[in-house]
């Protein structure tokens, strides 16, 4: 792909203009065109860079002034003391080698974890080829491919959306915003717009949480936004941590002092005490060897390894041991991206039902109407492993139902969804219609309390249905206001049977 094409501002262009500039159509590319472009642009994957061998990693562990001093001390110990200095030399060598081995092991563990993160990208993609929808390896995507997306998918490349049905995509990895972005293919986007404001685009490795969509691939591989980040990381300057700076400064200071003391000792031995130069040199070297703190690297390595182990238990990746000290020195983290600093998961905290506000752990009963509504008016999917896929708010509702022994999968088999009215920003409601075993229909609605309460005519309290009063409405709105003050997201449920 040319640099000019990769820098094209596709989000400022209309759908037809984008298709024309990429020389494609809504029916997708032909197999021949795809092969030709794959040869020209390469695979849709990030460059891994040159992998270092195990030997080079091991050698790199010795590129430290303190380690070099220790090795010199070990060599001098053998030279000056012969067999008597062999024990000290062996101890020093053992400490240095163990230090290097642990450093290589830790770096290998971090690289394995990073490799696992790379595997999170979408392995397969559904595209239109030769006018038909086929599933291909996402690394074979090329600019101009038409890709189909639905809830649960990982976006396989940077794309300009050409169709969107209630499509929401979580782009926290690129923007830091934990709330999924609602996409709009018709909105005009200015050239200066940031990634988070390009609502007609979707980017590689972001997650589709809601709805469906279709997009045309605009950039692949290292030309994607994720690829640009990977390139910056690969070319980033490697700065020293405060601990490494301190150890280097200590090493230099010790080196200068030891050399100065050894030199003074040699001069005093030879010119004042009248000893032979070789004998004076041996004394000076022995003093220098004794002054070197050979235990310091081992102590530092052990302490850092303990910190690394603690972080690893909490799923934190540490590639270089000294980085543990830098993280430990951090006093303040200023951020408004709460979802990206936490697990980016939502949970139900409180439920207002039967005129009472209850905690989420209060027993409701599997036949509670609220459980039916919150899991029926919901597009969450459950994969074969039991993982919930979808919008964080909706997955929280389904998980709440599962925690209260309401298995939505089994219930939907007897009460399947037959129609739906998706959520939209104007109506602020979502409605689904389900056919019940007796032939009647159950309409489940969830959405913004201020909008839904305008449409409600009756209320159910402890199984009894009666007309809703103004007092009921004021009470519900008061609870809504109180919960909102607690920074909770509030949804209202309603239903109708016909």
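Every number here is computed from the coordinates shown, using simple stated rules; none is lab data. What you are looking at is a predicted structure, and each value in this text was computed from that prediction instead of being measured. Neighbour counts are summed over all protein chains in view; Cβ atoms, including those assigned to glycine, are modelled from backbone coordinates with ideal geometry.
Residues within the reach of a label modelled at residue 358 (point 7 angstrom out along Cα to beta-carbon, backbone nitrogen below 11 Å), restricted to region 449-483, are 462. For a paramagnetic label modelled on residue 489 (point 7 Å from Cα along Cα→Cβ), amide N atoms under 14 Å away belong, within region 143-174, to 168-172.
With both labels modelled 7 Å from their Cα along Cα-to-Cβ, the residue 91 to residue 451 distance reads 7.5 nm.
Evaluate E = 1/(1 + (r/R0)^6) for residue 466 and residue 409, where r is the Cβ-Cβ distance and R0 equals 22 Å; express this FRET efficiency to the nearest 0.05.
Numbers: r = 33 Å, r/R0 = 1.51.
The computed FRET efficiency comes out at 0.10.
Working from label points 7 Å from Cα in the Cα-to-Cβ sense, the residue 132 to residue 105 distance is 5.4 nm. Extension gain for residue 278-residue 349 works out to 17.5 nm (0.36 nm per residue, less the C-alpha to C-alpha distance).
Give me Rg over Rh for region 350-497, both radii from the alpha carbons and Rh done the Kirkwood way, two decimal places.
Values: Rg = 15.0 Å, Rh = 16.0 Å.
Using Cα coordinates only, the ratio equals 0.94.
Would you mind getting me the FRET efficiency between residue 252 and residue 299? Use the beta-carbon distance for r and R0 = 25 Å, nearest 0.05. Given R0 = 25 Å and the Cβ-Cβ separation, E is 0.85.
Applying 1/(1 + (r/R0)^6) with R0 = 35 Å to the Cβ-Cβ distance of residue 473 and residue 15, what FRET efficiency is obtained, to the nearest 0.05? Each step should come with its number before you reach the end.
Details: r = 44 Å, r/R0 = 1.26.
Using R0 = 35 Å, I get an efficiency of 0.20.
Work out how much length residue 27 to residue 313 would gain on full extension: take 0.36 nm times their residue separation and subtract the Cα-Cα distance, in nm to one decimal. Display every interim value, and only then the final one.
Numbers: separation 286, 0.36 × 286 = 102.96 nm, distance 4.88 nm.
Roughly 98.1 nm would be gained on extension.
So for region 350-497, averaging the separation of alpha carbon pairs under 8 Å that are six or more residues apart and normalising by length, what relative contact order in percent results?
Working: 196 pairs, mean separation 29.2, N = 148.
The value is 20 percent.
Sort 204-210, 171-177 by the packing proxy (mean of other Cβ within 10 Å over each peptide's residues), most packed first.
With the highest mean Cβ count within 10 Å placed first, the list reads 204-210, 171-177.
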